[in-house]
1. As an exercise: evaluate residue C:38 against (1) surrounded by fewer than 23 Cβ atoms within 10 Å (Cβ to Cβ); (2) assigned to a helix (DSSP H, G or I); (3) more than 12 Å from every other protein chain (Cβ to nearest Cβ) and give the number of the one condition it does not meet.
2. I'd like the full set of residues that are surrounded by fewer than 16 Cβ atoms within 10 Å (Cβ to Cβ), more than 30 Å from residue A:60 (Cβ to Cβ) and touching a residue at least 24 places away in the same chain (Cβ under 8 Å), limited to the range C:7-35.
3. For the range C:102-111, which residues satisfy the criterion of being over 18 Å from residue C:90 (Cβ atoms) and not in a loop (DSSP other than H, G, I, E, B)?
4. Taking the range C:363-378 on its own, how many of its residues are in contact with a helix residue (DSSP H, G or I) (Cβ under 7 Å, 6 or more places away or on another chain), facing chain B (nearest Cβ under 8 Å) and assigned to a strand (DSSP E or B)?
5. Take residue B:11 and decide whether it is within 13 Å of chain C (Cβ to nearest Cβ), farther than 30 Å from residue B:148 by Cβ and without any contact (Cβ under 8 Å) to a residue 60 or more places away in the chain.
6. Would you check if there is a residue in the range C:89-97 being in contact with a helix residue (DSSP H, G or I) (Cβ under 7 Å, 6 or more places away or on another chain) and surrounded by fewer than 24 Cβ atoms within 10 Å (Cβ to Cβ)?
7. Given the criteria in contact with a helix residue (DSSP H, G or I) (Cβ under 7 Å, 6 or more places away or on another chain) and away from chain C (no Cβ under 14 Å), does residue A:147 qualify?
């Protein structure tokens, strides 16, 4: 849709001839009819391009998420086609919006119901640190109750910022060690939150 | 003849005499004060009277005046006459030691939650309310946060730099950084994450 | 309305006691966090109890700490689908308290922005009613035009959603040529999109079957419950703050107030749809009026109130009074006259009121928001009594409940 976009005064003409975006193969050893690489890179590649997010949208950031999901910014390009609203089936908990102290236990319960491996993305200033609401009723950051992997600042963050956060989650997912969830380091992390 | 503030004032004084006081019109809105036992009678009169017809409760809230002993809590009602398009405001004052006000839920169903909110924030006890419990804050909260003596911020925070905000404390003592151990999950080349902060009480 | 769980059902019912179903704060159908505990007899709802407050952010307490300009950012986050209306309402309240009169061009520009945000709010509500009844496509079609509305806001204030748009007395900058181009583009293309959206829903047999008869309310009950806005107009009462207490020069515009009959979900959908058409007409007229200003008048974008509106930078550097005003405004030390004012505007959901009590200090003594969502959500149990579970979902989304406005 061509319209005078303010920032894009000299747009680069898109080059679509023979321009297909391919996923990079992981490093490995290839030979006649076989390709050997590490299990974690293959599993990571598969997981990161098919994350199933759980949008935990509470307030204004939720509306920006709706804009991200819509066709203009399109989260589905990154593999997050299927949004689930049940934690049992989702990999990525996207917490978007202010979490009040009344909501904290519910957020923790949703996190506990997710199966490993699970990632958490705090979208917006309120989820990262309480935002502009330094009050008696707002939880000052969801990392008071659950461990967070990626923080996306903004009030609300632009859809491009949410997509950037999602790409960083994909980086984390793609490079994760297979045994990380059983490691002592991770277990200590969960212990510090009171999660067994 | 259009309904004017003077007409409303006359009819109210005719009915209630000098029990109503402090008639004034800040920014054009007729405002008066009623004794707290008469709040329902005043609202019922305003509802039923065929000239006045104030049958829409726009807003119900309270204000805390710690400097007026004996009259600390003011419950403010905003009423609206939709047919003649006139608004009015009246207040009832009560002491903070006995914050009992008759409920308006029999007359206006919208008062139900508005009174719960006022109770939640100020501790005004609405006598006769069907379900007077906290609505916006957590049920276990023990104080009434909108009263002037209570602070805005959460007092149990430990991770905020009080020294930088002028609230005492020292900058170094407010965080415990601990040993930073690289997590195998972190991508190579990025800074190692810090240990998880202590969960809030 | 404290509800007892597992109510015993009368003889002849299929079950012996009701089933308790928690449509909890996290639910795909609740757009925002509020909880409904439903007592079900099979699929029928016997009673419902609502719990709100899951996003209570203590706006009223925060407002006692902030000077007038910093409260605008709080008002953004009330009904965040149409933040400019909240911002304008707050600025109008301050202008009433401070005695600032805005020039006509400012009023017309404000009307354009407010009606755009009303369209944006109603678009979300109507398309979400579609999503909740299973029709996702309409939502995607109209989101593209919401993006255009966001771009118009961006031209003026820089941000998309929580806009903090305008200042006491006007706007922070004049509308640029790009902004007017985008408004023209919107006026040219949007009617076609709205017609397409209507084609998908208005006479769609499935949509009509889902929404007609779901959650009706009579006009008397609606008035008693304090309904305002499209929900009240769907019940048959033509109360619109823009007509009854016109603000920002709305009296110069002629538009219809669409009114429904039964107050059910279909009427609410139709009222909102028709309001979008009326808003489009208002924007066209306001745009014509704005283009009619010529010469020096065409550059006016704020009132002449240097005590409350930041003076030009060149004056700040050269004139003493401007320097003092600038200092006082930025430090938040402007004198607010003592007094109390109640002002209301027609928000996306109804009468959004601001009750401001000032004691002469730099921050309000008390600020209370009269939030329409909070007041009419009480009626939900009455609306869904005897309805089926799927109707409960449709009723919730057609009431346009925005959690930020409900809990404040």
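1. Against the list (1) surrounded by fewer than 23 Cβ atoms within 10 Å (Cβ to Cβ); (2) assigned to a helix (DSSP H, G or I); (3) more than 12 Å from every other protein chain (Cβ to nearest Cβ), residue C:38 comes up short only on (2).
2. Once the filter is applied, which keeps residues that are surrounded by fewer than 16 Cβ atoms within 10 Å (Cβ to Cβ), more than 30 Å from residue A:60 (Cβ to Cβ) and touching a residue at least 24 places away in the same chain (Cβ under 8 Å), the range C:7-35 yields C:7, C:13, C:14, C:15.
3. Our first condition is that a residue be over 18 Å from residue C:90 (Cβ atoms); within the range C:102-111, this holds for C:103-105, C:108.
The answer is C:104, C:105, C:108.
4. Final tally of qualifying residues: 1.
5. Working: within 13 Å of chain C (Cβ to nearest Cβ): no; farther than 30 Å from residue B:148 by Cβ: yes; without any contact (Cβ under 8 Å) to a residue 60 or more places away in the chain: yes.
It is false that residue B:11 is within 13 Å of chain C (Cβ to nearest Cβ), farther than 30 Å from residue B:148 by Cβ and without any contact (Cβ under 8 Å) to a residue 60 or more places away in the chain.
6. yes
7. Details: in contact with a helix residue (DSSP H, G or I) (Cβ under 7 Å, 6 or more places away or on another chain): yes; away from chain C (no Cβ under 14 Å): yes.
Taking the combined requirement at face value, the residue satisfies it.
Each row is one residue, and each column tells you yes or no for (1) surrounded by 24 or more Cβ atoms within 10 Å (Cβ to Cβ); (2) in contact with a strand residue (DSSP E or B) (Cβ under 7 Å, 6 or more places away or on another chain); (3) farther than 23 Å from residue C:58 by Cβ.
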{"position": "C:351", "(1), (2), (3)": "yes, yes, no"}
{"position": "C:354", "(1), (2), (3)": "yes, yes, no"}
{"position": "C:357", "(1), (2), (3)": "no, yes, no"}
{"position": "C:363", "(1), (2), (3)": "no, no, no"}
{"position": "C:372", "(1), (2), (3)": "yes, yes, no"}
{"position": "C:381", "(1), (2), (3)": "no, yes, yes"}
{"position": "C:384", "(1), (2), (3)": "yes, yes, yes"}
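The values are calculated or read from the model by the stated rules, or taken from the named source; none is laboratory data. Since the structure is predicted, the reported quantities are computational estimates derived from the model, not experimental observations. Here the Cβ is made from the backbone with ideal geometry for all residues, glycine too, and neighbour counts use every protein chain on show.
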